[in-house]
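Let me begin by presenting the structure, written as structure tokens, before commenting on it.
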Amino acid sequence: MQKPGVYLGPRLRRLRKDLGLTQANIATEIGISPSYIALMERNQRPVTAEVLIRLAKTYTIELATLMEDKDPSLVDRLKATMKDPIFADIGISPVEIADLLSNFPGFGDAMLRLYTAYRSEQFALADLQQLAGSRGNMDGQTDPVASVRVFLAAHRNCFPQLDSAAEEIALEVSHAGGLVAFLKHRHGLSVRRLPHDVMMGSVRRLDRHRREILLDDGLDVASQNFQLAQQLAYLEVNDEIQKTVEGANLVCEDARHLAHRALAGYFGAAVSMPYVQFAKAAESKRYDVEAISRQFNTSFEQTAHRLTTLQKPGQERIPFFFIRVDNAGNVSKRLDSANFPFARHGGGCPLWSLHQVFTSPRTVVTQWLELPDGQRFFSIARTVSSGGGAYASTRVTRAVALVCEARHSERMVYYDRDIAPVYTPIGISCRLCHRATCLSRSEPPIGRSILADAFRRAEAPFDFSD
């Protein structure tokens, strides 16, 4: 016959966490089985008077501490939370709050955690708006790079009108015998390559007086071709690009300049890698970036970048997320047509191979990724270099990654059907990831309280209270 008792599961679990103990620790010290402790914590078994007395003696606590119906401070905090104007139309009474915490204390903790995170973000947003106001930017658009990223993401980094125009130009370039011949025939411009020191920090310059396009002779062939194709954008479709930028409602002048440059680069890539031809090659070569780049005489980065643009209505291919970072984790390029969540500010997750490929230069590294909400993705990452071209010339090495939803991975050459996927749990950023046991964590997530380590020092950098 089961002994009478009371159900104190959440309070028993909180006591154990506050003491820094495991279920096995408590079971050994009060003389019952760990499985019975687990059942009591889940309210599947009552806490008998005998167990209560053992707990009180072993850990020198007052029985009243365990027998209280609810934590007064928790009740008060939740009542204060529910007074926020955002909840004004719900009408939750103090009695309902007390009942909720008595029967479902975990929901009370969850509510407070979410509200704390919400308030933290609100304060951060207020600070940003205040900073924007002090600079005379009451619209809040103080970050031109972020504004352009939002603009490109809204279009899924696909601009069909520019693709169509680029395909026509690419055909004419082919008939003319290449970009250099086309520029001479169509625009009367010669191409001239000059030493790096003569270019004085420029990689491309249009000299209208001499009717020349000047290029840094340290650029490799792929980069030279891209610079010529980008110059074509300003010569052929500048008005079309300007209309697109004006329709983007980018209030910041810097943002408009960056958007214009991004679209000129888009057009340049589309001339070098025409949409229909490139999309066909992507499918036939199963998205082998290196093989595709050889076909079009483009770099790995240019090819990977172009793969994110294949979302033309009716001719869509795999939607990709593209990112480029340096070895300090700074993001210098980010394009998204795959709905991959990425932190707008702060560092990324160190568990992502993107941040590790610097140790294996120019080697494609594949990885299966799983986010805290269960979304799964497939990633390929590799280092790329720019600059150099001569002895002692500065060379910059960065890492780029292409990411797609896991369900698309079978269409890629990097997929191995003989090996079962092993997913790496990553977060968007430490501040937004609530995987409490992550050993790579650099800072606590928003809304979590750090547990004192007087009783226990966790293996993870931070330990969190309930």
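General observations
- A single member of 284, 332, 353 is in contact with a Ser or Thr (Cβ under 9 Å, 6 or more places away or on another chain) and not basic (Lys, Arg), and it is 353.
- Where helices (runs of 4 or more DSSP H) fall wholly inside the stretch 131-204, the ranges with 3 or more residues that are at pLDDT 90 or above are 144-154, 160-176, 179-187.
- Residue 285 vs. criteria outside the structural domain of residue 383 (by TED's automatic domain parsing), farther than 30 Å from residue 243 by Cβ and over 25 Å from the mean Cα position of the chain (by Cα): yes
- Residue 209 vs. criteria farther than 20 Å from residue 263 by Cα and touching a residue at least 60 places away in the same chain (Cβ under 8 Å): no
Matching residues to (1) in contact with a Cys (Cβ under 9 Å, 6 or more places away or on another chain); (2) crowded, with 16+ Cβ neighbours inside 10 Å:
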residue: 352; (1), (2): no, yes
residue: 381; (1), (2): no, yes
residue: 394; (1), (2): no, no
residue: 427; (1), (2): yes, yes
residue: 436; (1), (2): no, no
residue: 442; (1), (2): yes, no
residue: 449; (1), (2): no, no
residue: 461; (1), (2): yes, no
residue: 464; (1), (2): no, yes
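- Whether a residue is more than 39 Å from the chain's Cα centre (by Cα), of a type in the set (Val, Ile, Thr) and either loosely packed, with under 13 Cβ neighbours inside 10 Å or at negative phi (or both) was assessed, and residue 191 passes this test.
- The listed residue being outside the structural domain of residue 308 (by TED's automatic domain parsing) and surrounded by 21 or more Cβ atoms within 10 Å (Cβ to Cβ), out of 221, 271: 271
- Residue list for the stretch 205-234, filter: closer than 19 Å to residue 265 by Cα and not in a helix (DSSP H, G or I): 205, 206, 213, 214, 215, 216, 219, 220
- One residue alone among 280, 312 is charged (D, E, K, R) and touching a Pro at 6+ places or on another chain (Cβ under 7 Å), and that residue is 312.
- Put simply, of 295, 277 the only residue that is over 23 Å from the mean Cα position of the chain (by Cα), under 30 Å from residue 188 (Cβ atoms) and either modelled with pLDDT under 95 or not hydroxyl-bearing (Ser, Thr, Tyr) (or both) is 277.
- When every residue of the stretch 287-296 is checked against the conditions, at least one turns out to be of a type in the set (D, E, K, R) and either touching a Lys or Arg at 6+ places or on another chain (Cβ under 8 Å) or in a loop (DSSP other than H, G, I, E, B) (or both).
- Pick from the stretch 393-406, criterion in contact with a Lys or Arg (Cβ under 8 Å, 6 or more places away or on another chain) and of a type outside the set (A, V, I, L, M), ranking: modelled with the highest pLDDT: 398
- Listed by position, the helices (runs of 4 or more DSSP H) contained in the stretch 1-113 that have at least 2 residues being at pLDDT below 85 and of a type in the set (Ser, Thr, Tyr) are 72-82.
- Every pair of residues 6+ apart whose Cβ atoms lie under 7 Å, when the first sits in the stretch 16-45 and is within 20 Å of residue 104 (Cβ to Cβ) and outside the structural domain of residue 104 (by TED's automatic domain parsing) while the second is among the small types (Gly, Ala, Ser) and part of a loop (DSSP other than H, G, I, E, B): 17/465
- Pairs meeting the criteria (first residue in the stretch 150-173 and free of Cβ contacts under 8 Å to residues at least 24 places away in the same chain, second residue surrounded by fewer than 16 Cβ atoms within 10 Å (Cβ to Cβ), beta carbons under 8 Å, at least 6 apart or on different chains) are 172/186.
The values are calculated or read from the model by the stated rules, or taken from the named source; none is laboratory data. This one's a predicted model, so the numbers in the text were calculated from it and none came from an experiment. With ideal geometry, Cβ positions are generated from the backbone for all residues, glycine too; neighbour counts draw on all protein chains shown.
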